[in-house]
Amino acid sequence: MSTATGGSAAARSGWIWLPLTVIVIAIDQLSKLWIVHHLAEYERVPLLPVLDITLWYNKGAAFSFLGEASGWQRWLFSGLAFVVAIGLVAWLKRLNGRAQWLLSGALALILAGAIGNVIDRLRIGHVVDFILAHWDNSYFPAFNVADSAITIGAAFLLFDAWRESRGAKRASV
């Protein structure tokens with residue numbers, strides 16, 4: 001069914017951003033596969049004075065939260081990611097993917113990150129992390145492409161909310 005503006009409602013929805021989700025998931029999974037096959041656990045390869053490639057396994061959530069738990073956290077975090085993914089897909093469907101491009105792109109990135117990490121949890125029981133940022137003897141927890149997608153998506157989400165609030169303030173003046 002076509003609309004007056006041309007194209008179907010599905011073609012205008014935020015679902016037009018799902019190819020970005022698929023691409024980021026593919027990059028995430030391929031990079032993790034490469035790291036697992038080329039590095040030993042905790043092996044470090046310096047890239048920059050402040051950045052190493054390494055292989056760490058994370059059984060927990062962000063910053064290894066609940067990483068030492070007995071295994072139940074795998075299913076909790078997988079279930080949570082599944083629920084979040086369903087919510088994000090539903091949200092994307094309601095958006096106009098062209099007019100709300102920043103919000104749609106942000107949600108697509110967050111979705112990719114959630115799915116990328118849940119694939120690891122379900123397939124191998126933990127998440128593969130391999131990017132290690134540091135300064136002298138201070139280390140940021142290792143992360144991966146999926147974590148980066150979530151972080152960038154969240155930043156875009158905040159930026160979009162800020163833009164929306166500025167637009168609302170201008171409209172009320």
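What follows draws every value from the coordinates through simple rules; no lab data is involved. All of these numbers come straight from a predicted model, not from anything done at the bench. Every residue, glycine among them, receives a Cβ derived from its backbone with ideal geometry; neighbour counts consider all protein chains shown.
A few notes on this one:
- Net charge contributed by nearby residues that have their C-beta within less than 14 Å of Ser31 (K/R +1, D/E -1): -3
- Extension reserve of the Leu80-Leu39 stretch, reckoned as 0.36 nm per residue once the Cα distance is removed: 11.8 nm
- Sequence-distant residues sharing a close amide H with Lys59 (under 5 Å, placed H): Val127
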